[in-house]
């Protein structure tokens, strides 16, 4: 009895090395190599400065202030986002209501909006002359509240999709059984559902934390020059002041902070992981019953309306508000190439964005799936011999490596590309493939994070049983894991796609002027004076929202044919 | 048994899909490898190359017809690479100076010129048509490493309607901006991240001297100057005179922008108004000159040179104003009537030598930040 699983695990170890080769090569070439090169240039390059520079930089009160602000605003944003979005995750996972699919796509829209555009919408609500100002004389711009609220706006979907994805697949009968045995509704939730959700909540919290820790546009636009995160400082030092040694020192500080967070996360999650009984999401949602559920649904819808739909509505209204009254003049202007801002009509950006997004999604899915499979196969915990410590360390290393791109400044990666990918065989500086590659770097962590909780929740005994019956590791993955993970894969694809559509920081470096993406085109239009340019920027932002929502709806429709009812 | 075979069937399909996806990924990766190989060999044929690559900032713009004319007469195909805003584009050029991304660079201005020249970014070339350029623009006249292409001014703009409604004379000078009448009216940009923000700071330093500008900014701060991070926010959100700012509820009738903002504002409003809603305080201006140069290590030096000649032709010089909203530098060029109709002439902008800017900018921006942002 004992030899078969051990044998399977040995074969699994070899399979894992093979699986890991792809992701490791990808991240090595397109992430680690460029980042290390630019940091090295900063520390040892031209000026002859020393690596001791890190201590000099850390010693500056300004830098310490920035570091402190970066950390606490990220913690506060993460807590606030979880607080606001967890009820939303429940509602989307467990309750059925009309328009749910469309609404799920719509709440993801903020995630892809360029921060310049979302910033505009928020200023219209929270800023001078905004809605709050008119109603109660309250102004929140240039306060930390505006930053926190905007962070919730952008990251709401991260929690709803990551946590909701798993929640929908938890068997509700377990909670029901607990209640049957006398537990109160809250106790049943706390003792049964919450522990099961733990890894997904932690994964969502980690991503929100990393996103807000490296927040850039939101802090600049809503916080004003009085607030600065590490990411903003790195951008200033690299792109504007061109003090690469300070930038390198700050990058290392950011790196260390992100590494610390990842380590803490890995420890806490490791303790909580458990095999779960997963069921088809189609059977877990039902129409709300009782005042509590109706109240929760109403509360979540009201939150979404106020926090997400209202800002989006402001943008749509602006795009229609022409000097000659409400109309589509700005949209018509998008189809002509005059004005010289672009070499092509701005509307062409839709095609570019979609092409890049498809390529980036494909790359992220392939790399991410390989990595996720490598990270779960075989499960070190089910191996009773205890001989997997080195393999376990390898797994943890890969796990952390995959998350790092979320914690590293786009400007660092972009400048790194410039000095590393410039010689054959990797002379990619002016190749279109660089855009989806850079976008996939940010997409892969989402794929991995969305798939891992589900993959790890798969009962290891199923795999062992398959192995005992003579299935190869590949076949075990195919027949046991894949059917369970398909749904997570679709959600992951949605994320990767959305990330690619909305990615701006790295794309703006690389996108060629005759092939702008939607966010890049919006930013260029906003950079010029005149009503027509501003109106077109708003119209193009609206187009971006629609493209994103439609793409996500189509993607989520691509589900296995056998589960034809329910939410997916 | 039937159950098992069922599972097998569906998973076979999925397996095929994954295999296809993986294959696609590999194809994409290998395709990028081969395409790069192609471009590498394309640029390797050096002097005979028929493509000239322009590296510039995001604001680069030219009429289609004018560029096609150049391609037709010169025989070169022009490839354009926009590399972020002006500062970013220069910094990237410096970073890649050992293996430049293109042949010719356009868009280094007088505030960044010393940084570019100190780093040996350009190869000297005396452009045809330079005789038409007045000496005040030729900041590298001795060595011709760069060629002046356009000029403009960074100035305080005002909302004409606001000042008419309030029966207030708009400010005309740096000193005016500290007067109580204009309290809480001005919005400017962060000098450490924004080029108009920096230009306005340099203008005040030129006006009040190396040791006088600090007390000027203390007075401005006491008079309620607002600082935002970039031009987009200042002009499109805070300024009450632009149509975007109006919609955004902007309440500041004074903004640091460009002398060419009034024509841009008017021309990009449909239907076009008789006069621009935006005015210029002509005593608050700082001159900006943009240069082009042949990149050191360029693959197509001949093409780069002929492109710089093209930038000084009458055709291109007259095309610039409506595309990039800058003024020509050659004396034989006259801007189009659409532009001059709304144009505000700035007779005596403040100026400062690139050397002096390079020597002081970091210190000045630092002390500016501690005065204004703290």
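Read the figures in this text as sums done on the coordinates, not as results from a lab. Here the structure is a predicted model, which means the values were calculated and not measured. Every residue, glycine as well, gets a Cβ built from its backbone with ideal geometry; the counts of neighbours run over all protein chains shown.
For chain B, the longest principal axis of the Cα atoms and the long axis of helix B:195-208 meet at an angle of about 30 degrees.
For chain B, adding -39500 (n - 2.57) for each run of n ≥ 4 DSSP H residues and dividing by the number of residues yields -13000 deg cm²/dmol at 222 nm.
Spin-label pair residue A:287-residue B:183: with each label point 7 Å from Cα along the Cα-Cβ axis, the two points sit 6.4 nm from one another. Rounded, prolate or oblate: which fits the protein assembly as shown when a ≥ b ≥ c are the square roots of the eigenvalues of the alpha-carbon gyration tensor, with rounded for a/c under 1.5 and prolate only if a/b beats b/c? Judged from the Cα gyration tensor, the protein assembly as shown comes out prolate (a/c at least 1.5, a/b above b/c).
The overall shape of region B:46-154, judged from the alpha-carbon gyration tensor, is rounded, with an a/c ratio under 1.5.
Peptide B:87-93 is shielded by partner chain Cβ atoms: per residue, an average of 5 of them sit within 10 Å of its Cβ. Taking Cα atoms only, the orientation of helix B:314-324 departs from the longest principal axis of chain B by about 90 degrees. Label-to-label distance, residue B:214 versus residue B:363, with points set 7 angstrom from Cα along the beta-carbon direction: 1.0 nm.
With a ≥ b ≥ c the root eigenvalues of the C-alpha gyration tensor of region A:3-557, is it rounded (a/c under 1.5), prolate (a/b larger than b/c) or oblate?
Details: a/c = 1.61, a/b = 1.20, b/c = 1.34.
Oblate.
Taking Cα atoms only, the orientation of helix B:86-95 departs from the longest principal axis of chain B by about 50 degrees. Taking B:360, B:119, B:211 as the candidate residues, the one with maximal mean-square fluctuation in a Gaussian network model of chain B, Cα springs under 10 Å, is B:211. Stretching residue A:135 away from residue A:56 to a fully extended chain increases their span by 23.6 nm, per 0.36 nm per residue minus the current alpha-carbon distance. Within the listed set B:167, B:68, B:314, the Gaussian network model of chain B (springs between alpha-carbon atoms below 10 Å) gives the highest mean-square fluctuation for B:167.
Structure remark: mean-square fluctuation, Gaussian network model of chain B, C-alpha springs under 10 Å; the largest value among B:278, B:66, B:156 belongs to B:66.
If R₀ is 41 angstrom, what is the calculated FRET efficiency for the pair residue A:173 and residue A:25, using the beta carbon separation as r and rounding to 0.05? Here the calculated transfer efficiency is 0.40.
What is chain B's relative contact order, in percent, from Cα pairs under 8 angstrom and six or more apart in sequence?
Working: 676 pairs, mean separation 91.9, N = 374.
Reported relative contact order: 25 percent.
The simple spin-label model puts a point 7 Å past each Cα toward its Cβ; for residue A:83 and residue A:332 those points are separated by 4.9 nm.
With R₀ set to 22 Å, the beta-carbon distance separating residue B:345 from residue B:173 gives a calculated FRET efficiency near 0.85.
Once R0 is set to 25 Å, what does the formula 1/(1 + (r/R0)^6) return for the Cβ-Cβ distance between residue A:101 and residue A:306, expressed as a FRET efficiency to the nearest 0.05? That gives a FRET efficiency of 0.70. Relative to the current alpha-carbon distance between residue A:468 and residue A:71, full extension at 0.36 nm per residue lengthens the span by 138.0 nm.
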